[in-house]
Amino acid sequence: MSNELISKIEAVLFYLAEPVDVGFLAKTLEVSKKDIINAIEELSQNLRERGIRVVNHNDEVSLATAPELAGLIEKIIKEERERDLGRAGIETLSIIAYKGPVTKKEIEYIRGVNCQYALRTLLLRGLVERKTGAKDSRVVVYNITAEALRFLGLNKISDLPEYEEVRKSLEVDINTINETTTDGN
């Protein structure tokens, strides 16, 4: 198996940081599903003695921390939960609250920067949840949780300041990005 293909798969899995369909990998990397499956198996073997493992479930593949390092990861998670959300976390939570359900791509368009770390922090704290999209099960969307409402001191999401106005303004922004993407500009 080509080391280049294995490296590409590892890079895609690392970058996306979420389960990736084997068919998507085959299409993106322009190789057969069989080649992807063989490369994933070899990547899995290569990582066996390292801190990362390949998780393969229902034709979806992702990277995960090695089980034997669970104690270390739990310690880091505990420290993260005790830290302030920070500006990135608050901005990301606000976008999800006003726009949700919202995709990572939409959040990044609105913020203008990568939001992976902020999303992870919010997920760890139980303030947001990941779900499959209502229109397309291949799309992951984020929504705030009941815990987030408690954290914000709200009874319902529409209690947010200027909820309807901000939600409508975010719809315009997302429609603009979708039109730009469709037009090829």
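Just so it is clear, none of the values below were taken in a lab; they were calculated from the coordinates. As the structure is a computational prediction, the values presented were derived from the model and not from experiment. All Cβ positions, even for glycine, are placed from backbone atoms using ideal geometry, and neighbour counts span all protein chains on display.
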What is the set of long-range amide H partners of Asp21 at a cut-off below 5 Å, with H atoms built 1.01 Å from backbone N? Val61
Across the Cα atoms of the range 84-183, what radius of gyration and what greatest pairwise Cα-Cα distance (Dmax) are found, in Å? 13.2, 42
Once the cut-off is 17 Å, how many percent of the Cα-Cα pairs in the range 23-132 end up in the long-distance tail? 66
Would you list Tyr163, Tyr109 from fewest to most Cβ contacts within 10 Å? Tyr163, Tyr109
For the range 3-68, what is the convex hull (Cα atoms) projected area averaged across all directions, in square nanometres? 4.0
Rounded to the nearest whole number, the per residue volume of the convex hull around the C-alpha atoms of the chain in Å³ is 145
Give the relative contact order (percent, whole number) for the chain; include only Cα pairs under 8 Å separated by 6+ residues. 14
Of Tyr98, Tyr15, how do they rank once you tally other Cβ atoms within 10 Å and put the fewest first? Tyr15, Tyr98
Given the rule -39500 (n - 2.57) for each run of at least 4 DSSP H residues, summed and divided by the residues of the chain, what is its mean residue ellipticity at 222 nm, to the nearest 500 deg cm²/dmol? -18000 deg cm²/dmol
Magnitude of the Cβ-charge dipole of the range 3-68, K/R +1 and D/E -1, about the Cα centre, nearest 20 debye? 20
Whichever lysines have a C-alpha closer than 21 Å to that of Lys168, once near sequence neighbours (fewer than 8 apart) are set aside: Lys99, Lys104, Lys105, Lys135, Lys156
Exposure proxy check: Glu106, Glu129 ranked by fewest other beta carbons within 10 Å? Glu129, Glu106
